[in-house]
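Inspection log for the structure reproduced underneath, given as structure tokens.
The values are calculated or read from the model by the stated rules, or taken from the named source; none is laboratory data. Just so it is clear, the structure is predicted and the values come from calculations on it, not from any experiment. All Cβ positions, even for glycine, are placed from backbone atoms using ideal geometry, and neighbour counts span all protein chains on display.
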Amino acid sequence: MDIGVCVASHVGDIDYVVRAEELGYSHAWLADSQMLWSDCYAALALVADRTSTINIGTGVSVSGTRPAPVTAASIATINALAPGRTFLGLGTGNTAMRIMGHKPQKIAEFDDYLETLKPLLRGEEANHSFGGQVRPIRHIMPDKGFVNFDDEIPLYVSGFGPKSLALAGKHGDGAVMSIPPDAQVMDRMWEMIERGAVGAGRELVRDEYLTVSLTTIVVLDDGETLESPRVKAEAGAMAMASIHYSYDQYRQLGRSPGSRLDGIWDDYTSMLEDYDPERIHQRIHAGHNCWVIPEEERFVTPDLIDATCIVGTAEEVIDRLGQLEERGLDQLMILPNFDPRFEVLERIGRDIIPHV
């Protein structure tokens with residue numbers, strides 16, 4: 001089991017990825033949300049210059065905000081700086097689009113996007129639709145070091161549901177997920193991925209296909225429990241982001257949040273119902289995956305953290321990672337709260353990575 005780090009892209013926080021490399025983290029996934037953090041490609045360029053072994057890429061880049069040729073040229077530029085260790089994680093933009101008040105890109109559009117993107121990542125020609133017209137395009141000046149298509153750029157497709165995971169099976173070299181830390185869930189994820197591969201006439205070899213899930217890990221001290229304030233301080237933002245996601249699904253698609261939020265749902269929705277409807281999209285993701293804003297602290301319960309994060313003694317965490325690996329998960333990427341991120345990085349690097 002590899003452990004990677006998901007990074008809230010920050011052009012002033014490159015030391016974080018440098019230290020992750022030193023501690024043995026396998027991948028650094030720099031997140032792409034234009035109204036939240038620094039531009040991920042600008043941060044990746046700095047990371048590429050300061051590191052030499054860790055795999056670096058987007059975690060994930062957003063199809064809805066960047067046309068396919070722009071994405072291809074951007075990641076191929078990073079590949080020129082970090083040849084052989086650059087990857088592209090790509091999704092429809094659940095957060096990036098919703099914080100602008102829009103829905104993520106539709107599945108059919110995402111399918112077309114991926115179809116266009118794949119040859120472009122190899123420096124080949126692709127048909128690109130823009131403004132109602134389709135034109136054959138390719139990068140016409142790939143020499144002189146502007147970009148690098150000679151070293152492969154793996155494509156890892158993000159998916160939360162059956163349709164997007166099917167596209168990961170159809171197009172991707174791997175799948176990026178955010179699943180409950182439950183080994184049995186991986187069986188269902190593989191079913192969705194392989195269904196997409198089979199539908200596309202593709203033979204997918206599990207050992208050659210990367211599966212990654214986003215969460216965070218808290219390693220408990222002796223005698224410490226899930227109710228410890230440190231657990232909330234390190235994992236609360238990840239847990240709260242799951243409520244933000246559920247609220248978006250409820251508000252825009254009418255989907256139920258599920259029974260795990262029964263205890264807090266009415267209170268949470270009541271808190272937001274009087275917010276300016278023209279700006280509610282700016283409010284929902286406040287603190288997104290970095291910190292919990294004061295008025296939302298009460299919703300981050302031990303049960304919610306347990307359902308969304310991996311918390312336990314070092315031995316318990318190692319055992320859970322082993323169970324996930326047995327079911328076919330290759331990597332966890334962790335995204336702890338922003339302020340204690342270095343402490344979490346060090347603890348997992350010391351207590352977990354050497355044993356998995």
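Restricting the search to region 257-278, which residues are surrounded by 11 or more Cβ atoms within 10 Å (Cβ to Cβ) and part of a loop (DSSP other than H, G, I, E, B)?
Result: P257, G258, G263, I264, Y275.
Any idea which of R202, R206 is among the basic types (K, R) and either in contact (Cβ under 8 Å) with a residue 60 or more places away in the chain or touching a Leu at 6+ places or on another chain (Cβ under 6 Å) (or both)?
Criteria check complete, one pass: R206.
Can you name the residue in region 326-338 that is of a type outside the set (A, V, I, L, M) and buried (at least 18 other Cβ atoms within 10 Å of the Cβ) and, of all such residues, is farthest from I193 (Cα to Cα)?
The qualifying residue farthest from I193 (Cα to Cα) is N337.
Picking from E203, E191, E227, E152, which residue would you name as being surrounded by fewer than 18 Cβ atoms within 10 Å (Cβ to Cβ), of a type outside the set (F, W, Y) and closer than 21 Å to T86 by Cα?
E152
Just to be sure, is I348 modelled with pLDDT of 95 or more, in contact with a Ser or Thr (Cβ under 6 Å, 6 or more places away or on another chain) and under 21 Å from A8 (Cβ atoms)?
For I348, the condition - modelled with pLDDT of 95 or more, in contact with a Ser or Thr (Cβ under 6 Å, 6 or more places away or on another chain) and under 21 Å from A8 (Cβ atoms) - is not met.
Given the conditions (1) exposed (fewer than 15 other Cβ atoms within 10 Å of the Cβ); (2) free of Cβ contacts under 8 Å to residues at least 40 places away in the same chain, which single one is not true for Y250?
Tallying (1) exposed (fewer than 15 other Cβ atoms within 10 Å of the Cβ); (2) free of Cβ contacts under 8 Å to residues at least 40 places away in the same chain, Y250 fails exactly one: (1).
Being surrounded by fewer than 21 Cβ atoms within 10 Å (Cβ to Cβ) and closer than 22 Å to V60 by Cα narrows it down to one of H281, H355, so name that one.
Residue meeting the stated conditions: H281.
For the subset of region 10-40 comprising residues that are in contact with a strand residue (DSSP E or B) (Cβ under 8 Å, 6 or more places away or on another chain) and of a type in the set (S, T, Y), which member is modelled with the lowest pLDDT?
The extreme case among them is S33.
Considering only region 1-18, I want to know if a residue exists there that is closer than 25 Å to P354 by Cβ, among the aromatic types (F, W, Y) and over 15 Å from the mean Cα position of the chain (by Cα).
yes
Could you say which residue among G287, G328, G254 is small (G, A, S) and over 20 Å from the mean Cα position of the chain (by Cα)?
The conditions single out G254.
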